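A short write-up of the structure that comes next.
The values are calculated or read from the model by the stated rules, or taken from the named source; none is laboratory data. This structure is a prediction, so every number in the text was calculated from the model and none was measured. Glycine gets a Cβ as well: all are built from the backbone with ideal geometry, and neighbour counts include every protein chain shown. Keep in mind that these areas ignore ligands, DNA and RNA; they rest on the heavy atoms of the full protein, side chains included. Shrake-Rupley method; radii C 1.70, N 1.55, O 1.52, S 1.80 Å.
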Amino acid sequence: MAERVGIYVCHCGSNIAGMIDVEEVARWAGQSIKDVVVSRDYKFMCSSLGQKLIEDDIREQGLTRVVVAACSPHLHEKTFRRACQNAGLNQYLCQMTNIREHVSWVSTDRQKATEKAKALVAAAAERVKHQRPLEQGFVKVNPATLVIGGGIAGLQATLELADAGYPVYLVEREPSIGGHMAQFDKTFPTLDCSACILTPKMSEVGQHENVKMFTYAEVEEVSGSVGCFKVKIRQKARHVIFEKCTGCGICVEKCPRKVVDNVFEAGMGYRKAIYTPFPQAVPRTPVIDTANCTWFTRGKCQVCSKVCPTQAIDYDQKDEIIQIEVGNIIVATGWKLFDCTRIPQYGYGRLANVFTNMEFERMCNAAGPTGGKIVLRDGKTEPRRIAIIHCVGSRDVRHNQYCSAVCCMAALKFGHLVLEKTKAEVYSFYIDMRTPMKDYEEFYQRLLEEGMHFVRGKVAEVTDAARLPDEQGSLIVQVEDTLLGTQRRIPVDMVVLMAALEPQADAKELGLKLGISCSMAGWYTERHPKLDPVATMTDGVFVAGACQGPKDIPASVAQGAAAAARVAGMITAGKVTIEPIIASIDEQKCSGCRICNNLCPYNAIEYDEEKGVSRVVAAMCKGCGTCVSACPANAITGAHFSNEQIAAELEGILWDAIADGRPASAAPDGSKAPQSTPVGAA
Amino acid sequence: MSKGKLALYWAASCGGCEIAVLGIDEHILDVAKAFDIVFWPCATDGKVRDVEKMPDGSIDLCLFNGGIRTSEQEYMAQLMRRKSKVLVAFGSCAHEGCIPGLANLYNRKAIFDTVYKEGSTTFPENPQDHRPQPITDVPEGKLSLPLFYDTLKTLDQTVEVDYYLPGCPPEAKNIWAALVAVLEGKLPPKGSVIGLHTTVCDECPRKRSEKKIKKFYRTWEIIPDEENCLLEQGLVCCGIATRAGCGALCPQVNSPCIGCHGPNDGVEDYGARLMSALASVIDSQDPEEIQRIIAEGIPDPVGTFYRFSLAASYLRRSKAFGGDGAAAAQPTPLAAKA
């Protein structure tokens, strides 16, 4: 029996109707496309009246298939599917075609746009006739959540969920949670002490009954899907037995091996070979740095083992793989600092008194290597003039095009600390001063009043080659002052480079494990930049904080809380809908060649050794079609995207070629076989 | 019960299919018992005019091998279709075009240039650059030759085909199984390929695991081990995409499958399927490296992926060489009898 197709062409106000003759498209579709029994145009199909049109036609005209030509299915597919379902038509018998983003918004020729819209409508109509009713499934949501990254965003997310009563696994790569915020001295614009506001949260997480922390650990493997992820965590060997250690710190105190601390102290200070990164570390259990420990490198020492009152040192400890199951994952892996040696003209690594922002943070910090004194690399001389250079590695086409977002405010904070702690003059070399958030502009005004000098221009060079007598022994900042319109050489004693925030070096790798993608710059991509900022294209995986883009503390905290709210919503709902648009394997056709086995981005394909066939795990399949197109035996079918449906769609889109008497299936040599006659039949 | 009538015909192919029929050994006697062989130019003395005189539909089974390259073959295909109840595209040439179909990368002129002008054995003997002419005037009248088309077509691109028997040539056991199916009236739905509905890996005893290919080798470059999947060892083994039924003969003697059985059910374009599958398992994310892996390991992509199926593929023929209906555009006074 022929299907009864209804076509609905939306004006979208003038969004579509302004460039496409929608009445003509609807009229044409009603006359020209086979099996179409209703074809209408309407001002706003997504309005309740528009939806009612569809519902009434299904009931009264007995429609068996529906096509809505309107905007992107991303926006309203659900709306129209629901309308069909309301009227008793299986929702997968409704097909949307996008004549707004794909046609009207990108066209300048009304006639051509109308023709293109017709072709798309024809394609959808031909396709929809071959669509099959499908039923959605459900998966229970495991109430546990994995938070990756114990910086401020991750901590916030963890606390929100744990306080709501849900179990949280927190994985942190470093020996302690806290992240970059633990390294800072003051926070802008309020100048409250970073540690003072962070450490209470850290200890709360550390002691929370709903939180299981894995520090000095990394996510090894993720399988499964929303509601039921299986995660393997690699707990790196601490060589200190967690359960036995009381955190007394005597091992650290007695360890004879000093090591430059390139992580927490940004290379400005030392730690021991057995260490906790900082005094307020959570947990307090130290780790042994085996690359530097004398026992591991030379087989001598064992002092820590001798002094430990609880015999917690275990030199033979091995990495351990821990398996957990969670319903959702929040990624809060943060950022890393731009490597300033990539801009050699600023002299970092070559000129002693050029510092990075992270080094300067540690220097300002009362708990840092200089006890909070701002001094030159010699450790004692107080600088008289300090230059702060903005946008080092950001807003620079050679490195990163994006704005690092936090550096202007951090530079102002540095300026304030310098003016507060020293008698030095401080210069800020900026391209544009960016202070858009609450109370930020006021802070800038404050620094202007406090006497910080501002020079607008991108610094060309930092050099110690003096040209004038008063430049002798100084670092000279060469810059074009774009407000004065002149080149300036400003001699200073110290230079601070405001290095950019960059994505973590292994962000892509982790993204692959989780099935989430990165932007060109390497930040994790959110589902929608405006309307869905913490979700990702993978259901059940959320992002928070600077791993999604450079962010300051308030924004990171807000995102951490937002991600937690999304997860809490999922847990409360208890189940998630599983789309029926998935792949399935015909065991008869499958020869077990195993081409598809490692292609699935969601690890949804497993191999049955016994039967010698591969199989799709329905709950994990997202219907992406990768395996379908790769299967050389045509054993895999993607529901809702069968060859038949795709071929019909193509035939529809080529309707005018076919109508011209050029069947799509004609031989490329264009010839009908000549009427032959017998040869040599004489 | 009266005996059935059997015909076999040979168009653009190498003749191997004809010999393959004899591969059924003593079963040929059973064939002779069950059928009258009414037309088999290779083995018996029959004339086209005899066939022309038979009533339409009077032949029970016609096994037609070879693609359609000339006007004569086209005529014969139409004739055999008309006279036969069941027409089987027998072997790869009739099924998919096979090796002769690879000439669709060129056109008639280029093929004739190769054969009559540039060929090392013909050039000195053909100084006047003679070419076959459809009509040649001689004192006695006009001589005619079949017209040679630009494009080789498969049998089903020429006439309606009832069944396909794949292989280059078809395996004797499959030929016999097909004949038995006809005799017992147990034929599958019309349009089917008579054979299995999975691919060669199903019959291949080699050990398979997840596939990651860093380098493709040509067969002379390595001696593969006899245990593991040849594809995993870097040989382009087409078994993954090729219909089973041969018993994985080639892989079992350490030689990769070259794809003569054609695609599995429902595959529209064999080469595209195979390429898509192989492209999926190249173990690199770097476009330049991928390019290098393909260029070094697969110097002849059409010959590798479309060795048997170019004429039946979506591509069908080279556009670069035109061939835009040169055959059709010209008047075809082939039968202009003198």
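Comparing the full protein assembly with the isolated chain, the residues of segment B:75-116 losing at least 30 square angstrom of accessible surface (1.4 Å probe) are B:TYR75. The local environment of A:CYS193, defined by Cβ-Cβ distances under 11 Å, has a net charge of -1 under the rule Lys, Arg +1 and Asp, Glu -1.
In the protein assembly as shown, the calculated helix contribution to ellipticity at 222 nm averages -8000 deg cm²/dmol per residue, counting -39,500 (n - 2.57) for every DSSP H run with n ≥ 4.
Site pair A:ALA164 and A:VAL397 shows an inter-label distance of 4.5 nm when each label is modelled 7 Å from Cα along Cα→Cβ. The Cα atoms of segment B:200-312 give a gyration tensor whose axes a ≥ b ≥ c have a/c of 1.5 or more with a/b no greater than b/c, which makes the shape oblate. Distance between the C-alpha centres of segment A:476-538 and segment B:34-109: 70 Å, rounded to the whole angstrom. Within a straight-line Cα-Cα reach of under 15 Å, A:LYS306 can be paired with the following aspartates and glutamates, leaving aside sequence neighbours fewer than 8 residues apart in one chain: A:GLU253, A:ASP314. Loop exposure criterion: GluC sites (Glu not before Pro), DSSP state outside H, G, I, E and B, at most 16 other Cβ atoms within 10 Å. Applied to chain A, the longest stretch between such sites is A:244-586. By the Cα gyration tensor, segment B:159-244 has an equivalent ellipsoid whose semi-axes, rounded to whole angstrom, run 34, 13, 12 from largest to smallest. Given the pairs B:LYS47/B:LYS142; A:LYS254/A:LYS508; A:LYS78/A:LYS336; A:LYS622/B:LYS190; B:LYS83/B:LYS109; A:LYS230/A:LYS258, which span a C-alpha to C-alpha distance of over 29 angstrom in this model? Exceeds cut-off: A:LYS254/A:LYS508; A:LYS78/A:LYS336; A:LYS622/B:LYS190; B:LYS83/B:LYS109; A:LYS230/A:LYS258. If the viscosity is 1.567 mPa s and the temperature 4 °C, what Stokes-Einstein diffusion coefficient in µm²/s follows for segment A:579-638 when Rh is the Kirkwood radius over Cα pairs? For the chosen part, D equals 117 µm²/s.
Restricting the calculation to Cα atoms, segment A:489-548 yields a radius of gyration followed by a Dmax of 16.4, 55 Å. Spatial offset of segment A:623-642 relative to segment A:403-424 amounts to 57 Å, using the alpha carbon center of each.
Available extension along the chain between A:CYS193 and A:THR310 is 38.6 nm, counting 0.36 nm per residue and deducting the alpha carbon span. Taking A:SER107, A:SER428 and ordering them by how much accessible surface each has at a 1.4 Å probe, largest first, produces A:SER107, A:SER428.
In segment B:273-315, the residues that give up 20 Å² or more of accessible area when the other protein chains are added, compared with the chain on its own (1.4 Å probe), are B:ARG273, B:SER276, B:ALA277, B:SER280, B:VAL281.
For A:LYS380, a cut-off of 15 angstrom between C-alpha atoms picks up these aspartates and glutamates, skipping any fewer than 8 places away in its own chain: A:ASP493. In plain terms, the C-alpha convex hull of segment B:199-252 casts an average shadow of 3.6 nm² when viewed from every direction. In the structure shown, do any of A:LYS236/B:LYS212; B:LYS33/B:LYS85; A:LYS118/B:LYS319; A:LYS236/A:LYS513; A:LYS589/B:LYS5 have a Cα-Cα gap over 23 Å, and if so which? Over 23 Å apart, Cα to Cα: A:LYS236/B:LYS212; A:LYS118/B:LYS319; A:LYS589/B:LYS5. Averaged per residue, segment B:200-312 has 45 square angstrom of accessible surface, using a 1.4 angstrom probe with ligands and nucleic acids left out. Report the Cα centroid-to-centroid distance between segment A:584-608 and segment B:280-322 in angstrom, as an integer. Their Cα centres are 24 Å away from one another. Computed from the C-beta positions of B:GLN252 and B:GLU184 and an R0 of 22 Å, the FRET efficiency is 0.15 to the nearest 0.05. Please work out whether segment A:93-209 counts as rounded, prolate or oblate from its C-alpha gyration tensor, where a ≥ b ≥ c are the square roots of the eigenvalues and a/c under 1.5 means rounded, while otherwise a/b larger than b/c means prolate and anything else oblate? It comes out oblate by the Cα gyration axes.
Accessible surface ranking for A:TRP105, A:TRP295, 1.4 angstrom probe, highest first: A:TRP105, A:TRP295.
For segment A:220-317, applying the loop criterion from DSSP together with a ceiling of 11 other beta carbons within 10 Å to the trypsin sites (Lys or Arg not before Pro) yields A:LYS300. For GluC sites (Glu not before Pro), the sites in segment B:217-314 that DSSP calls loop and that have at most 12 other Cβ atoms within 10 Å are B:GLU221, B:GLU226, B:GLU227.
With a ≥ b ≥ c taken as the square roots of the eigenvalues of the C-alpha gyration tensor of segment B:105-150, please select rounded if a/c is under 1.5 and otherwise prolate if a/b is larger than b/c or oblate if it is not? It comes out oblate by the Cα gyration axes. The mean number of Cβ atoms from other chains found within 10 Å of a Cβ in peptide A:594-600 is 6, as a whole number. Tell me, what is the Rg over Rh of chain A, with Rh the Kirkwood radius over Cα pairs? So for chain A, dividing Rg by the Kirkwood Rh gives 1.08. Peptide B:196-206 has a mean of 5 when you count, residue by residue, the C-beta atoms of other protein chains within 10 Å of its C-beta. Take each residue in B:234-246, count the other chain C-beta atoms within 10 Å of its C-beta, and the mean is 2.
Size of segment A:206-297: Rg and Dmax of its alpha carbons, in Å, are 15.7, 49. The heavy atoms of B:PHE305 offer some 10 square angstrom of accessible surface to a 1.4 angstrom probe.
Taking all protein chains as they are arranged and a probe of 1.4 Å, the heavy atoms of B:SER280 leave approximately 40 Å² accessible to solvent. A 1.4 Å probe, protein heavy atoms only, puts the accessible area of B:CYS229 near 10 Å². Under Stokes-Einstein, with the Kirkwood radius over Cα pairs as Rh, the value for segment A:266-405 at 25 °C and 0.890 mPa s is 127 µm²/s. Ranking of A:HIS180, A:HIS11 by solvent-accessible surface, largest first: A:HIS180, A:HIS11 (1.4 Å probe, protein heavy atoms only, all chains present). Building the convex hull from the alpha-carbon atoms of chain B and averaging its projection over directions returns 20.9 nm². With N the number of residues in segment B:18-117, Rg(Cα) / (2.2 N^0.38 Å) evaluates to 1.26.
Applying both filters, DSSP loop and at most 16 other Cβ atoms within 10 Å, to the trypsin sites (Lys or Arg not before Pro) of segment A:397-490 gives A:ARG398, A:LYS423, A:LYS438, A:LYS458, A:ARG467.
Couplings 3J(HN,Hα) of segment A:452-462, computed from phi: 5, 8, 10, 10, 8, x, 8, 5, 7, 7, 10 Hz, in residue order, whole Hz [Karplus 6.51 cos²θ - 1.76 cosθ + 1.60, θ = phi - 60°; x for Gly and Pro]. Dividing the Cα radius of gyration of segment A:337-502 by its Kirkwood radius returns 0.93 for Rg/Rh.
Summed over both chains, the area buried between A and B is near 3200 Å², taken from the accessible surface of protein heavy atoms with a 1.4 Å probe. Using a Förster distance of 60 angstrom, determine the FRET efficiency expected from the C-beta separation of B:TYR116 and A:GLU480, and round it to 0.05. That pair, B:TYR116 with A:GLU480, gives E of 0.20. Which angle from 0 to 90°, rounded to the nearest 10, does the C-alpha axis of helix A:110-128 make with the longest principal axis of chain A? Compared with the principal axis, the helix lies near 80 degrees. Heavy-atom surface analysis with a 1.4 Å probe gives chain B a carbon and sulfur content of 57 percent of its accessible area.
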